[in-house]
Each structure stands twice: as structure tokens, then as C-alpha cells.
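The values are calculated or read from the model by the stated rules, or taken from the named source; none is laboratory data. This is a predicted model, so every value here is computed, not measured. Cβ placement follows ideal geometry from the backbone for every residue including glycine, while neighbour counts extend to all protein chains displayed. Note: accessible area is taken over every heavy atom of the protein model, side chains too, but ligands, DNA and RNA are not part of it. Shrake-Rupley method; radii C 1.70, N 1.55, O 1.52, S 1.80 Å.
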Amino acid sequence: MFYLQPLSPADGREVYDMLQRIPPENGFENSAYTMDYGDFPAWLAKKADMARGIGLEDWMVPSSTFWLMEDGVPVGQGNIRHRLTDALRERGGHIGYAVAADQQGRGCGKALLRLLLEEARRMGITEELLVTVYLGNAASRRVAEACGGEKRRETAERVYYWFS
């Protein structure tokens, strides 16, 4: 069974190892990829602060990180941006997500996006939610469409899916 687990500064090796199986690609930037494990606790602390709006640079918005768990094992990562800026409306959106390479093709992406959409509503984000997907990322486009995303715009680089 899939469920979301919020990032915790106490997260350990299992989460770190899963993040090493999510290379930055298709627009998802995994800043923990190839990170030394000794630097991981500080990374977690910074991410926890970001969720509370602490230590943000001028262009940043608060963002909460979650792990997709399956039977107690982390298999994916998702981020919820609490609000959008003009720049995030063009690239990024409210939600970003990725599944560990060895877990892809099993429905994890759909489960992750559905759970993140539900969590965003629980967090009080009442506006329509935006997910942007690289045009060539067919798997992520299928996930957004399967989760009820309405494609409203397409550029040479991205597809824009809105969720009511």
C-alpha cells in the first residue's frame, strides 16, 4: 500500500539510498543525488526549514517534501510548493515528483501524484493546482492525465496540467 510520509530531519539511510536512484532528469531536480551521506542531515534540515518558509531566497516559496512509501519502504519523492510565482507558473508548478528508477513502471507515479494532490488540499491550497511536464516525458504526461489533469497549454518545451 502506498502512502505519503513527510520529510523529517531524522530520515536516514533508506531515504538517502532511494534519493540516489532518482537522477535529475525531465525537469525534476534532486539536489541530494550523488550527495555524500555525511551532508544528508544538513540537507534534510534545510528542506524542513523550506517547508516553514525559513531561509528562503527572494525567488523561492515555501515547499514541503514528502516520500512515497510502499509497505514502509521509500520509493519516490514529491514536493508541494505552497504558492506560485510568475516563474513557477512557467516552469515548476505546485507539484514536482519523481520515482526511483528501479520502481518505475509499477504505478508509483500515479499513486504519488494522487497523494500529493490530496495533501495539497489538506494543506489548505485551494486554488487550482498546476503540474508542468516536459513535452518529451511521455510517462509523466500519462500520469498527469490519469490523475485528472486538464491540459490547458503546451509550448515547445512543456505541457501545463491543471487540477481542480
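A few points about this structure:
- Pairs where the first residue, in the range 128-146, is under 22 Å from H82 (Cβ atoms) and charged (D, E, K, R) and the second is outside any strand (DSSP E or B) and open to solvent by less than 30 Å² (accessible area, probe 1.4 Å), C-beta under 9 Å, 6+ apart: E128/H94
- Subset tally (residues that are touching a strand residue (DSSP E or B) at 6+ places or on another chain (Cβ under 7 Å), farther than 15 Å from R91 by Cβ and either of a type in the set (S, T, N, Q) or open to solvent by less than 60 Å² (accessible area, probe 1.4 Å) (or both)) for the range 126-143: 2
- When the range 107-125 is filtered for residues that are surrounded by fewer than 18 Cβ atoms within 10 Å (Cβ to Cβ) and under 20 Å from L84 (Cβ atoms), the ones remaining, listed by number, are E118, E119, R121, R122, M123, G124.
- Restricted to strands (runs of 3 or more DSSP E) entirely inside the range 1-106, those with at least 2 residues that are open to solvent by less than 50 Å² (accessible area, probe 1.4 Å), aliphatic (A, V, I, L, M) and in contact with a strand residue (DSSP E or B) (Cβ under 6 Å, 6 or more places away or on another chain) are 63-70, 73-81, 95-99.
- The residues listed here are W43, W67; of these, the one that is closer than 18 Å to M123 by Cβ and either among the aromatic types (F, W, Y) or touching a Cys at 6+ places or on another chain (Cβ under 6 Å) (or both) is W67.
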